[in-house]
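The structure appears below as structure tokens.
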Amino acid sequence: MSSAAKPSPPDRVRSEESRSMTLDDLLERATALVRPGHRAILGITGSPGAGKTTLAEHLVRELNGDGPPWVAHVPMDGFHLADVELERLGRRDRKGAPDTFDAAGYAALLRRLRDEEDYGGVVYAPGFERVLEQPIAGAIPVPRAARLVITEGNYLLLREDVWARVRAQLDEVWFCDLSEEERIRRLVARHEEFGKDHDTAVAWALGTDQRNADLVSATRARADLVVATAGLALPAES
């Protein structure tokens, strides 16, 4: 059964709570989402460069440990439209904006992952190849044994258009919070790592990425928890 969005307390209260939480607290909270006969889905959102992927990967790694994997990671990035389609639509220069994703496909996959009747086998999700900057179909297998799915992306809390269907499939959504200075520094470094020269990386981070970040920041109050990622001693996201 889909979980309805929960009422959100004021930002300030939840931000104070997150500063007192450790990684162990977050691991415990994620584990508590799982109930017998129920595959839980945890959403992690935040502006570009805020540490969503780093946090998600850490949670998956620590929760799975050395035992059989029971936690899966399904990023929203696999639902990027391919560059050829963005070119056709005239949106290539805004890649990363809400209308450059297959939001309906993403919501449908999340619903499928929650559907107990689909546990007869593996559910395949698309991945995203950073070097190619392209989605890859069927790249992420989610086995029947996965009782917790962690998904992360910018627009999990958007209410516009079909994006509203996404939140309905998530048990909780955590918002990654990071200072603007550090977030932009990480974002520029990431763009440079994947082939952009410095000036292009800065222009993209302060242009297209910043417009998307402003949109995401406006959804912060809808999160169940705000996580101050700088205080978690995670590896810097690149």
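Does Ala203 satisfy being surrounded by 14 or more Cβ atoms within 10 Å (Cβ to Cβ) and touching a Leu at 6+ places or on another chain (Cβ under 9 Å)?
no
Quick one: Gly51 ticks every box in (1) modelled with pLDDT of 95 or more; (2) under 21 Å from Glu133 (Cα atoms); (3) out of contact with any His (no Cβ under 9 Å at 6 or more places or on another chain); (4) not hydroxyl-bearing (Ser, Thr, Tyr) except a single one, so which number is it?
(1)
What are the residues in the stretch 190-208 that are among the hydrophobic types (A, V, I, L, M, F, W, C) and in contact with a helix residue (DSSP H, G or I) (Cβ under 8 Å, 6 or more places away or on another chain), if any?
Ala201, Val202, Trp204, Ala205, Leu206
Mind checking which residues of the stretch 154-183 are in contact with an Asp or Glu (Cβ under 8 Å, 6 or more places away or on another chain) and surrounded by fewer than 22 Cβ atoms within 10 Å (Cβ to Cβ)?
Glu172
Hey, Leu148 hits all of (1) at pLDDT 95 or above; (2) under 20 Å from Ala50 (Cβ atoms) but one; which does it fall short on?
(2)
Out of Arg165, Arg185, report the one residue that is of a type in the set (Lys, Arg) and either without any contact (Cβ under 8 Å) to a residue 24 or more places away in the chain or more than 22 Å from Asp224 (Cβ to Cβ) (or both).
Within the list Arg165, Arg185, the selection yields Arg185.
Within the stretch 35-69, track down each residue that is assigned to a loop (DSSP other than H, G, I, E, B), surrounded by 17 or more Cβ atoms within 10 Å (Cβ to Cβ) and not hydroxyl-bearing (Ser, Thr, Tyr).
Arg39, Pro48, Gly49, Ala50, Gly51
Look at Asp99 and say whether it is at pLDDT below 95 and not in a strand (DSSP E or B).
no
Being crowded, with 17+ Cβ neighbours inside 10 Å and within 14 Å of Gly43 (Cβ to Cβ), is that true of even one residue in the stretch 111-119?
Yes.
For the stretch 136-238, give me every one of the helices (runs of 4 or more DSSP H) that falls completely inside it and has 3 or more residues that are polar (S, T, N, Q) and either closer than 21 Å to Lys95 by Cβ or in contact with a Ser or Thr (Cβ under 9 Å, 6 or more places away or on another chain) (or both).
Passing ranges, in order: 208-217.
Is there a residue in the stretch 76-85 that is in a loop (DSSP other than H, G, I, E, B), surrounded by 16 or more Cβ atoms within 10 Å (Cβ to Cβ), touching a Leu at 6+ places or on another chain (Cβ under 9 Å) and at pLDDT 90 or above?
Checked the stretch 76-85: at least one residue is in a loop (DSSP other than H, G, I, E, B), surrounded by 16 or more Cβ atoms within 10 Å (Cβ to Cβ), touching a Leu at 6+ places or on another chain (Cβ under 9 Å) and at pLDDT 90 or above.
The values are calculated or read from the model by the stated rules, or taken from the named source; none is laboratory data. Keep in mind the model is a prediction, meaning the values are calculated, not measured. Here Cβ is always computed from backbone atoms with ideal geometry, including for glycine, and neighbour counts include all displayed protein chains.
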